[in-house]
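Scroll down for the structure; my scribbles are underneath it.
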Amino acid sequence: MEERKYTILDGIDSPEDLRKLDEGSLETLCGEIRDYMVRCCAENPGHLASSLGAVEIITALHYVYDTPKDKIVFDVGHQAYAHKILTGRRDAFRGNRTRDGISGFPLRSESPYDAFGAGHASTSVSAALGLAEAARLRGSGEKAVAVIGDGALTGGLAFEGLNNAGGSTTDLLVLINDNNQSIDKNLGGLHNHLLSLTTSPFYNRVKDKVWRTLGESRTRNFFQRWTRSLKSWIVGRSGGDLFESLGFRYFGPIDGNDVGEVVDALRRIRGLKGPRVLHCLTTKGHGYAAAEADPTTWHAPGRFDPETGQRKLSPRVCDRYQDVFGEVLVELARADARVVGITPAMASGCGMNRLAAALPERFFDVGIEEEHAVTFAAGLAAAGIRPFCNIYSAFAQRAYDQLIHDVALQRLPVVLCLDRAGLVGEDGATHQGSFDLAAFRSIPGCTIVAPRDEYELKCAMHAALRITEGPYIIRYPRGYGEGVSWADVPPREYPAGKGERLIEGNSRLAVLALGPFAYRAMEAARKLEAEGGPLPSVYDVRFLKPMDLALLEEVAAGADAVLTVEDGTLKGGLLGEVAEYMASRHPGIRVKGLGIPDSFVSQASQQEQRAACGLTADGILESLRELSQKD
């Protein structure tokens, strides 16, 4: 990155330095933060557009509040880059999301300014309420602020936190960063409600005039009650604003990209008691033309030229799994009127935007509501519809109860597609799809399949449509496939619980692999043979559940040592299934596993993470050497 000198930013090593500035310097500082952020992310990709829109909010918060004594809790963390830059991590931000660098999300172990870690949405209100209550119990006088986007505000946990906080007298500020967008464009009733507030000119003109005229006068409470009634009448005549009906004092909306206006609002309400909401309107991608024009693409744009906004796209050598999913789903929906798609605000990320474009009436974006997505799918299935519900693996954890209680227990044919399964790379510990295999394996009636390539994903999706009861879970990794032909190749039969032998070896050594790691296992086996070692038999087990017991018996008949390979946690996944079976039926067979260890995997590239877990051809080869020497 080209070294650039900044007049104000270079002198900010902590919020204490920030608070020494005169207010007139803040706008210039925000511009410098934005420029630095763009230049860093141009070379070291990250979540850009959300953070560009939140620069003024974050600067104002650290300017008005006494951080880190006062606690700022960010929802998700996509919006928090300015927070990192202002809290002593300006230079470290160049290595954001890299191995041994700082995390792309707030992380308590990284800085005292990160009051609460967050990589999943809708947690901020509950966490900040906990911090605020702790301050009350200690009598410390600390303030707590939850910064939540309008997209994350749709999540059920956010409503639970709001309901609890609004019924209390806790000193809590909820700052809504309302940019009309999460990753994709926001949908739903709450979004429409907020939008109606922001587009009520008469109410805002009257309210702003009263605010400016009264300042902090005693008569202001009366006028706040009066404007509350006026707002209820203007905004849908609903009998009260959503937040005020929950027990919050509502302030706004204000221009969240005007740092002076945000500072003024925060100063006015900082000393107030009880639960409050400050509604800030921002523009996702603010201040960078390319990101403002296309905030969905620029949510995480990859590398780009900071001067021109031209993205530096890598040449595509094969298709991404999400693209295969999207195209096959459209193919299935066109052939079967029962097929619908459901996503919790990840349409472009999972490839379901293709269905949205082709058959919009069969596409449902439910917002950041994973639990609702699964139960909604169950309701559809109960009425004869065939839902394909696509959720990133790390977020599917939130719908565990719904999958058990609403789908599996009722034996409803819901197809749950887990994108980003396994190790995901730079997003780090909060986003690893490590736990789905172990978690869902224990649910009765589940089918769990991990296709090894693009064509097998197509086959699995076609097979899923033929199930008559029970959840059918398809999991596949982030990124590109293996380069196999799939688009013009008809799907073949794909019976549940049936694996495949890929290499018939000449030794008493076998590899059982799940998903694309079957290819890495074959490569490792051939390498072992090439260096003069024995050729192991290699199997693609394909289905974790039901497990192909005939395949396991075949393995047991010809092997003394078995290596399992999976991109899930070693505790409870494929290793657990195979080790349990062998221990009960063939106790003399040694079983070793490669997978994700019993620890949280920090940010690094996918390849670096896989190498650290032994999930590369060379890592598998090393384990095979060890087993063959003991054979």
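Coordinate-derived values only; no laboratory data. Only a predicted model underlies this, so the values are computations on that prediction, with no experimental measurement involved. Every residue, glycine as well, gets a Cβ built from its backbone with ideal geometry; the counts of neighbours run over all protein chains shown.
Pairs of Cα atoms nearer than 8 Å and 6+ residues apart set the relative contact order; for the range 500-630 it is 29 percent.
Annotation for Glu23 and Lys527: the two label points, set 7 Å from Cα along the Cα-Cβ direction, are 6.3 nm apart.
Between Asp598 and Asp91, the distance separating the two model label sites (each 7 Å from Cα on the Cα→Cβ line) works out to 4.0 nm.
As a length-normalised measure over Cα pairs under 8 Å and 6 or more apart, the relative contact order of the range 321-477 settles at 23 percent. If the segment from Arg138 to Ala611 were pulled out straight at 0.36 nm per residue, it would be longer than the present Cα-Cα gap by 165.7 nm.
Rounded to the nearest 0.05, what FRET efficiency is calculated for Ser442 and Thr98 with R0 set to 41 Å and r the Cβ-Cβ distance? Taking R0 as 41 Å, the efficiency between Ser442 and Thr98 is 0.70.
Computed per residue of the chain from DSSP H runs no shorter than four, each worth -39500 (n - 2.57), the mean residue ellipticity at 222 nm is -11500 deg cm²/dmol. Scalar couplings 3J(HN,Hα) for the range 421-435, obtained by applying the Karplus form with A = 6.51, B = -1.76, C = 1.60 to θ = phi - 60°, are 6, x, 7, 10, x, 5, 5, x, 4, 6, 10, 5, x, 7, 10 Hz; x denotes Gly and Pro.
Place a point 7 Å from the Cα of Leu409 along the Cα-to-Cβ direction; which residues of the range 360-399 have their backbone N under 12 Å from it? No residues fall inside that zone. Using the average count of surrounding beta-carbon atoms within 10 Å as a protection proxy, the listed peptides 408-421, 586-599 rank, highest first, as 408-421, 586-599.
Any idea how far the Cα center of the range 11-62 sits from the one of the range 453-484, in Å? What the calculation gives is 43 Å, centre to centre. When peptides 125-132, 381-388, 57-64 are ranked by their average number of other Cβ atoms within 10 Å per residue, the highest-first order is 57-64, 125-132, 381-388. Remark: relative contact order (the chain) = 11 percent; criterion is Cα-Cα distance under 8 angstrom and separation of 6 or more residues.
Spin-label model, Ser485 to Ser314: label points 7 Å out along the Cα-to-beta-carbon direction sit 2.6 nm apart.
Within the range 102-124, what residues put their amide N at less than 17 Å from the label point 7 Å along the Cα-to-Cβ vector of Asp13? Those under the cut-off are 112-113. The antiparallel fraction among DSSP beta bridges confined to the chain stands at about 15%.
Applying 1/(1 + (r/R0)^6) with R0 = 41 Å to the Cβ-Cβ distance of Leu549 and Ala335 gives a FRET efficiency near 0.75. Length gained on full extension, Lys273 to Arg492: 72.4 nm, using 0.36 nm per residue less the C-alpha separation.
Taken as Cα centroids, the range 64-106 and the range 412-451 sit 29 Å apart, rounded to the nearest whole angstrom.
Other residues within the sphere of radius under 14 Å centred on the Cβ of Gly274, judged by their own Cβ, net out at +3 (K and R +1, D and E -1). Each part gets one Cα centre, and for the range 330-353 versus the range 497-572 those centres are 33 Å apart. Placing +1 on each Lys and Arg Cβ and -1 on each Asp and Glu Cβ, with no other charges, gives the range 321-477 a dipole about its Cα centre of roughly 440 debye.
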